[in-house]
Amino acid sequence: MTSTLRTVAAAAASAALLFTLVACTGAPDATPTPAETKTLAILDSACGDDEGITVAVDASSLEDGDSKEWCIGTDETLAAADALTLVNVTTEGTDEYGDEVVCRVNGVPAEDVAIPAADGTDYFETCESMPAAFAYWSIWIKPADGEWAYAEEGLSTLELEPGESLELLFTLNGEPAAPAT
């Protein structure tokens with residue numbers, strides 16, 4: 001009988017705690033606004049002039065690597081990290097620098113895959129610190145009607161305007177040196 005009372009008392013205490021936590025979170029006010037639930041059109045190609053935001057990932061310098069582009073149909077500013085999420089692209093930072101440095105994009109390069117250096121040796125990316133100077137991901141931005149340039153900030157703070165393009169480019173032994181135009 002005592003065991004049953006303890007079980008009932010514990011369940012009642014857990015329920016009271018749960019109700020208190022829900023009340024404190026302001027759950028009724030947490031309903032998304034229409035702007036937060038707006039559906040964006042995603043196309044498997046670059047956007048036209050001043051239409052939406054183009055996102056590209058280019059790993060073609062790697063064996064079996066490929067290049068993909070998407071158009072996010074929007075007339076609003078988007079955080080670069082949100083744009084990548086919308087097109088199902090994941091990034092991984094490094095142990096030392098976190099997400100300030102892009103180490104992997106969609107799991108590439110995998111830790112167990114040899115990356116050939118120009119001197120004939122093999123390199124394996126561990127994402128502990130800065131990637132090798134001959135094998136790395138870079139973040140590029142192209143303003144509407146502008147030229148490609150290195151991003152001056154990381155994905156977590158970078159904001160993209162309609163008409164702009166974002167590219168994550170893997171460079172191996174100096175190639176490609178910049179995104180294609």
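So, Gly154, is that one buried (at least 16 other Cβ atoms within 10 Å of the Cβ) and modelled with pLDDT under 95 or not?
On the way: buried (at least 16 other Cβ atoms within 10 Å of the Cβ): yes; modelled with pLDDT under 95: yes.
Judged against the criteria, Gly154 is a match.
Does the stretch 42-50 contain any residue that is under 25 Å from the mean Cα position of the chain (by Cα), part of a strand (DSSP E or B) and at pLDDT 95 or above?
no
Does Ala117 fit the bill of being at pLDDT below 95 and either in contact with a strand residue (DSSP E or B) (Cβ under 6 Å, 6 or more places away or on another chain) or among the polar types (S, T, N, Q) (or both)?
For Ala117, the condition - at pLDDT below 95 and either in contact with a strand residue (DSSP E or B) (Cβ under 6 Å, 6 or more places away or on another chain) or among the polar types (S, T, N, Q) (or both) - is met.
What are the residues in the stretch 51-91 that are outside any loop (DSSP other than H, G, I, E, B) and of a type in the set (Ser, Thr, Tyr), if any?
Once the filter is applied, which keeps residues that are outside any loop (DSSP other than H, G, I, E, B) and of a type in the set (Ser, Thr, Tyr), the stretch 51-91 yields Thr54, Ser67, Thr85, Thr91.
Could you please find all residues in the stretch 61-78 being in contact with a strand residue (DSSP E or B) (Cβ under 6 Å, 6 or more places away or on another chain), under 16 Å from Trp137 (Cβ atoms) and free of Cβ contacts under 8 Å to residues at least 40 places away in the same chain?
Of everything in the stretch 61-78, those that are in contact with a strand residue (DSSP E or B) (Cβ under 6 Å, 6 or more places away or on another chain), under 16 Å from Trp137 (Cβ atoms) and free of Cβ contacts under 8 Å to residues at least 40 places away in the same chain turn out to be Ser67, Lys68.
Hey, could you check the stretch 157-179 for residues that are surrounded by 18 or more Cβ atoms within 10 Å (Cβ to Cβ) and acidic (Asp, Glu) and say which is farthest from Thr94 (Cα to Cα)?
Among those that are surrounded by 18 or more Cβ atoms within 10 Å (Cβ to Cβ) and acidic (Asp, Glu), it is Glu164.
Would a scan of the stretch 109-121 turn up a residue that is in contact (Cβ under 8 Å) with a residue 12 or more places away in the chain and either charged (D, E, K, R) or not assigned by TED's automatic domain parsing to the domain that holds Leu62 (or both)?
Looking through the stretch 109-121, at least one residue is in contact (Cβ under 8 Å) with a residue 12 or more places away in the chain and either charged (D, E, K, R) or not assigned by TED's automatic domain parsing to the domain that holds Leu62 (or both).
Being more than 21 Å from Glu111 (Cβ to Cβ) and loosely packed, with under 13 Cβ neighbours inside 10 Å is the filter here, so list the residues in the stretch 86-98 that pass it.
Residue satisfying the conditions is Asn88 alone.
Looking at the stretch 108-126, which of its residues are surrounded by 11 or more Cβ atoms within 10 Å (Cβ to Cβ) and not aliphatic (A, V, I, L, M)?
Pro109, Glu111, Pro116, Tyr123, Phe124, Glu125, Thr126
The values are calculated or read from the model by the stated rules, or taken from the named source; none is laboratory data. Every value quoted in this text rests on a predicted model; they were computed, and no experiment measured them. For neighbour counting, all protein chains shown are included, and Cβ atoms are generated from backbone atoms with ideal geometry for every residue, glycine included.
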